[in-house]
Protein chains: 2
Amino acid sequence: MSLALDPAAQDLLFREAQTANTFTDEPVADEQIQAVYDLVKFAPTAFNQSPLRITLVRSQDARKRLVNHAMGANGPKTLAAPLTVILSVDLDFHEKLPRLFPALPDIKDTYFSEPAAREAAGTQNATLQAGYFILGIRAAGLAAGPMTGFDFAGVDKEFFGDGKQKSFLVVNVGKPGADAFFPRSPRLEFAEAAATV
Amino acid sequence: MSLALDPAAQDLLFREAQTANTFTDEPVADEQIQAVYDLVKFAPTAFNQSPLRITLVRSQDARKRLVNHAMGANGPKTLAAPLTVILSVDLDFHEKLPRLFPALPDIKDTYFSEPAAREAAGTQNATLQAGYFILGIRAAGLAAGPMTGFDFAGVDKEFFGDGKQKSFLVVNVGKPGADAFFPRSPRLEFAEAAATV
């Protein structure tokens with residue numbers, strides 16, 4: 001069954017795109033990340049809470065401080081990428097809710113008054129946004145290299161000392177370099193991933 | 001700055017798409033959800049763990065059992081949708097890793113031997129996949145209505161009695177009906193969501 005989305009767009013976002021492990025030297029401009037953000041910001045979060053925060057790691061000093069918390073091959077991979085971003089949850093996202101979700105002006109002080117409730121909802125919704133963001137990087141004609149192999153508690157201490165942001169994913173961004181891709185691993189068949197009740 | 005993705009595709013997936021709250025009677029076929037899955041399955045998860053499971057709620061009985069665990073308006077909204085899917089994490093996703101990630105055949109018994117480690121990684125990666133899936137629904141020319149307002153522990157008891165799957169999102173799927181959309185809420189500016197270090 002065919003989809004409404006143009007086949008070239010399907011290829012760009014899903015079928016031909018792969019996680020990149022090496023990148024060319026071609027720089028990635030702030031404006032490119034802004035264009036990605038200005039597209040993917042429209043995808044849904046619960047109560048439009050939009051808790052994802054994006055930290056562009058530009059300076060050599062910041063890059064080194066980040067890599068100190070990388071595991072295994074993620075360190076050298078990150079040092080060699082033209083741009084690396086840290087994705088984190090804003091644990092105080094509720095402060096912006098009166099503006100972001102005017103239909104229910106009191107949820108800042110009801111549903112989201114407790115830090116534990118905010119962290120649970122914020123983590124879930126920032127992770128959904130991370131999925132949108134990875135596809136947005138591809139929409140910009142760039143390759144993403146998302147990594148979970150970091151000591152995120154260490155990253156938080158290093159970059160978010162006030163305890164108000166919790167990092168959960170680091171993403172290298174750029175044009176794929178030499179031998180950028182591992183062979184595509186198999187995916188589950190629909191019948192394995194889906195069931196009908 | 002313009003993106004590589006065709007503007008019509010940008011509109012379909014992000015700019016013109018919105019969370020739908022009502023749907024027409026037009027049915028959604030299993031084959032449509034399969035086409036969505038067969039596209040979005042290629043988007044990345046850590047170690048290709050692919051922990052997302054999709055439960056298509058088709059029978060009237062199953063629909064009623066699901067709605068018993070809905071909060072507020074989510075009940076009637078769900079009863080009226082042509083198709084509803086439950087998104088869940090397979091807490092035993094590691095059993096499939098030797099096939100899904102042949103490059104590291106032992107991670108099933110190392111990184112992912114502990115249930116707590118599996119639940120943390122599985123939840124994060126299934127949530128990324130939920131983000132891909134929502135965009136995939138839109139890629140099929142359908143509207144998604146994702147909802148977190150369910151008693152998910154109740155849903156799990158009702159549908160996943162063996163404790164091996166944990167639900168975290170319910171998504172209505174169909175063609176948007178009358179007054180399907182709330183007015184678009186504002187999004188954060190790039191400078192509010194992003195910082196450079």
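The values are calculated or read from the model by the stated rules, or taken from the named source; none is laboratory data. Computed from a predicted model, the values in this text were never measured in an experiment. Note that we place each Cβ from the backbone using ideal geometry, even for glycine, and neighbour counts take in every protein chain shown. Remember, those area values only see protein heavy atoms, side chains included, never the ligands or the DNA or RNA. Shrake-Rupley method; radii C 1.70, N 1.55, O 1.52, S 1.80 Å.
State yes or no: is A:L56 surrounded by fewer than 20 Cβ atoms within 10 Å (Cβ to Cβ), facing chain B (nearest Cβ under 8 Å), under 18 Å from A:T84 (Cα atoms) and not aromatic (F, W, Y)? So A:L56 passes the test.
Annotation: of all residues in the range B:89-99 being more than 10 Å from chain A (Cβ to nearest Cβ) and either free of Cβ contacts under 8 Å to residues at least 24 places away in the same chain or outside any helix (DSSP H, G or I) (or both), the one that is most open to solvent (accessible area, probe 1.4 Å) is B:E95. Of everything in the range B:168-197 that is at the interface with chain A (Cβ under 7 Å from one of its Cβ atoms) and of a type in the set (V, I, T), the residue that is most open to solvent (accessible area, probe 1.4 Å) is B:T196. Answer yes or no: is there a residue in the range A:121-141 that is assigned to a strand (DSSP E or B), touching a strand residue (DSSP E or B) at 6+ places or on another chain (Cβ under 7 Å) and facing chain B (nearest Cβ under 8 Å). No; the residues of the range A:121-141 include none that is assigned to a strand (DSSP E or B), touching a strand residue (DSSP E or B) at 6+ places or on another chain (Cβ under 7 Å) and facing chain B (nearest Cβ under 8 Å).
Among the candidates A:L3, A:L66, A:L39, the residue that is part of a loop (DSSP other than H, G, I, E, B) and either touching a Gly at 6+ places or on another chain (Cβ under 9 Å) or buried (at least 21 other Cβ atoms within 10 Å of the Cβ) (or both) is uniquely A:L3. Checked against the criterion of being more than 10 Å from chain B (Cβ to nearest Cβ), under 17 Å from A:V40 (Cβ atoms) and at pLDDT 95 or above, the range A:148-167 contains not a single residue that satisfies it. With respect to the conditions (1) at negative phi; (2) crowded, with 21+ Cβ neighbours inside 10 Å, A:D61 lacks only one, and its number is (2). Of the residues making up the range A:74-85, those that are open to solvent by 10 Å² or more (accessible area, probe 1.4 Å) and touching a residue at least 40 places away in the same chain (Cβ under 8 Å) are A:N74, A:K77, A:A80, A:P82.
Of all the residues that make up the range A:100-126, how many are surrounded by 24 or more Cβ atoms within 10 Å (Cβ to Cβ) and without any contact (Cβ under 8 Å) to a residue 60 or more places away in the chain? Residues in the range A:100-126 being surrounded by 24 or more Cβ atoms within 10 Å (Cβ to Cβ) and without any contact (Cβ under 8 Å) to a residue 60 or more places away in the chain: 0 in total. Pairs please, first residue from the range A:1-28 and more than 9 Å from chain B (Cβ to nearest Cβ), second anywhere and exposed (fewer than 15 other Cβ atoms within 10 Å of the Cβ) and charged (D, E, K, R), Cβ atoms under 8 Å, 6+ apart in sequence or on different chains. From residues that are more than 9 Å from chain B (Cβ to nearest Cβ), the pairs are A:N21/A:D179; A:T22/A:D179. Whenever a residue of the range A:146-160 is under 17 Å from B:A117 (Cβ atoms) and open to solvent by 20 Å² or more (accessible area, probe 1.4 Å), its partners that are of a type in the set (A, V, I, L, M, F, W, C) and not in a helix (DSSP H, G or I), lying with C-beta atoms within less than 7 angstrom and at least six residues away or across chains, give the pairs A:T148/A:L169; A:F152/A:F168. Return yes or no: is A:Q49 open to solvent by less than 50 Å² (accessible area, probe 1.4 Å), more than 21 Å from A:P98 (Cα to Cα) and either modelled with pLDDT of 95 or more or at the interface with chain B (Cβ under 7 Å from one of its Cβ atoms) (or both)? It is false that A:Q49 is open to solvent by less than 50 Å² (accessible area, probe 1.4 Å), more than 21 Å from A:P98 (Cα to Cα) and either modelled with pLDDT of 95 or more or at the interface with chain B (Cβ under 7 Å from one of its Cβ atoms) (or both).
Considering each residue of the range A:1-55, count those that are aromatic (F, W, Y) and more than 21 Å from B:R187 (Cβ to Cβ), and give that number. Walk me through it before giving the result.
Of all residues in the range A:1-55, those aromatic (F, W, Y) come to A:14, A:23, A:37, A:42, A:47.
Checking which are more than 21 Å from B:R187 (Cβ to Cβ) leaves us with A:14, A:23.
The total comes to 2.
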